[in-house]
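The values are calculated or read from the model by the stated rules, or taken from the named source; none is laboratory data. These figures come from a predicted structure and were not determined experimentally. Cβ placement follows ideal geometry from the backbone for every residue including glycine, while neighbour counts extend to all protein chains displayed. Accessible surface is based on the protein model in full, side chains and every heavy atom, while ligands, DNA and RNA are left aside. Shrake-Rupley method; radii C 1.70, N 1.55, O 1.52, S 1.80 Å.
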Amino acid sequence: MEQERKAWLVLADGSVLEGESFGAQGTSMGEIVFTTGMTGYQEVLTDPSYYGQIVTQTYPLIGNYGINLDDMESASSHVKGYIVREWCDQPSNFRVAMDIDQYLKKQKVIAISGIDTRRLTKKLREHGVMNGAITTEYDTIDREKLMEDIKSFAITEAVRSVSCRQMIQEKSEQGRYHVVLMDFGYKRNIVRSLCKRGCDVTIVPAWTTAQEILAMKPDGVMLSNGPGDPEENTAVIEQIKKLFDQNIPIFGICLGHQLTALANGAKTVKLKYGHRGANQPVRDLAHDRTCITSQNHGYAVQGDTLDPAVGRVSHVNANDGTTEGIRYIGKPCFTVQFHPEASAGPQDTSYLFDEFIAMMQKEAH
């Protein structure tokens, strides 16, 4: 391996793994997590929910169909670093625009390949997610200072960092309903899923007030996915409380699900290593069936902390029993922890968008 191609992964526990550099050069710190999807690496790289994180792909070969311009979930990459076993430098796909190395260089994302990702994933499963850094400068960097910085790293102001700065409008062909989407780090396929069902969507910054949203006279409000600790978003939680009291149809996904639960007195907890991938089994208690879902989150709602007079758990994770959905009693509001819009992943739970449409139709009449 040539000297200029070397990269190192430095973990907060003192472990140092040497591999090969691709993507950008330099040093980047973040929270190291893993995702189990066999496909969908482009969606991972452009999902704002990964803000502040160095992502490990457990699937051993990444990049074989390259990067295209159609499947971006946001305008840029939000990961702090990228870890793979092997990347493909000769992708094959009729839509390919560039290989993954070119894309990461363009996005200034530092990446490492050639390390034992299986060993790393087992470490994260046993000990939990941990801080770390990818560096191409390990031979020259102040290693003591690097370790201090790794240990002190924390993801802060996550939602404010990824949310849009001004209102965005997306029109559907039918225009039957108007949905306001609060952007905590939304994925584009949420908007596509709504537009496909005849909804005009107004995307607003996370700090938009309930009064400003209600002044738009929406038929429903969508609370998007997003990164970071949900409990940090105290101002947003207060606005969700006000929306909740107005009996307007609300559908929350991922962070939106957590924030709605916090607005109703429940608590959230950080999971040991989270749920990230396209193969998470979820039991839908109302329909008595199990769906395979796409997920990306490190926190979960503690279902037993929610007042049973306010809401009930509607979905649970079949692997660990954590709360995956809540339906609120006497309110046109339901939320889920997983991603019904998928991208990438199975479409098992896309019916939830249809339920949201039906809820808006009912409230309109």
(request) Once you have all Cα-Cα distances for the range 228-365, histogram them in 5 Å bins from zero and send the whole-percent values. (result) 2, 11, 21, 24, 21, 14, 6, 1, 0
(request) Over the chain, with every protein chain in place, what whole percent of the accessible area is carbon and sulfur at 1.4 Å, could you tell me? (result) 45
(request) Find the accessible area per residue for the range 261-338; the probe is 1.4 Å, ligands and nucleic acids are left out, and the unit is Å². (result) 40
(request) Pairs to check: K267/K331; K241/K362; K106/K272; K122/K187; K108/K171. Give those whose C-alpha atoms are more than 27 Å from each other in this structure. (result) K106/K272; K122/K187; K108/K171
(message) Between the range 116-162 and the range 272-322, what is the separation of their alpha carbon centroids in Å?
(response) 28
(message) How many angstrom lie between the Cα centre of the range 242-270 and the Cα centre of the range 345-364?
(response) 17
(request) Under 11 Å from the Cβ of E232, count the other residues' Cβ atoms, weight Lys and Arg +1, Asp and Glu -1, and hand me the total. (result) -2
(message) Given a 1.4 angstrom probe, what's the average accessible area per residue across the range 87-241, in square angstrom?
(response) 51
(request) Would you kindly find the accessible area of M167, with a 1.4 Å probe and non-protein molecules such as ligands, DNA and RNA excluded, rounding to the nearest 10 Å²? (result) 100
(message) Just to make sure I understand: if all protein chains stay in place, what is the order of K241, K267 by accessible area at 1.4 Å, largest first?
(response) K267, K241
